[in-house]
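One structure is given here, and the rest of the page talks about it.
The values are calculated or read from the model by the stated rules, or taken from the named source; none is laboratory data. What you are looking at is a predicted structure, and each value in this text was computed from that prediction instead of being measured. A quick note on method: Cβ atoms are made from the backbone with ideal geometry, for glycine too, and the neighbour counts reach across all protein chains shown.
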Amino acid sequence: MCIGTWGSAGGHTDAYDNAIQASCEAHGGKYVDVCAEFSMASNRGPAALNTTVDDSDR
């Protein structure tokens with residue numbers, strides 16, 4: 001299984017998603033697009049929440 005980028009559909013991540021999907025399927029994998037899940041605000045944020053690694057969803 002290959003998961004697409006965490007971002008909005010139609011944005012700058014489309015080229016990455018297309019490459020991931022093509023490579024995944026060429027090797028017999030199943031590609032999963034998560035753009036719909038990203039578009040739901042309850043699945044992200046809050047923006048700029050300081051974490052031990054970095055700020056969230058910047």
* Among the residues of segment 25-36, how many are more than 15 Å from the chain's Cα centre (by Cα) and not in a loop (DSSP other than H, G, I, E, B)? -> 2
* Asked: Out of (1) at pLDDT below 85; (2) outside any loop (DSSP other than H, G, I, E, B); (3) not aliphatic (A, V, I, L, M), what's the single condition that is false for R58?
  -> (2)
* Asked: Quick one: what pairs do we get from segment 26-49, first residue in contact (Cβ under 8 Å) with a residue 24 or more places away in the chain, second outside any loop (DSSP other than H, G, I, E, B) and of a type in the set (D, E, K, R), C-beta under 8 Å, 6+ apart or different chains?
  -> Y31/E25; D33/D17; C35/D17
* Please give the number of the condition A47 fails out of (1) in a loop (DSSP other than H, G, I, E, B); (2) in contact with a helix residue (DSSP H, G or I) (Cβ under 7 Å, 6 or more places away or on another chain). => (2)
* Matching residues, segment 23-48, being surrounded by 12 or more Cβ atoms within 10 Å (Cβ to Cβ) and either on the phi > 0 side of the Ramachandran plot or not β-branched (V, I, T) (or both) -> S23, C24, E25, G29, Y31, D33, C35, E37, F38, S39, R44
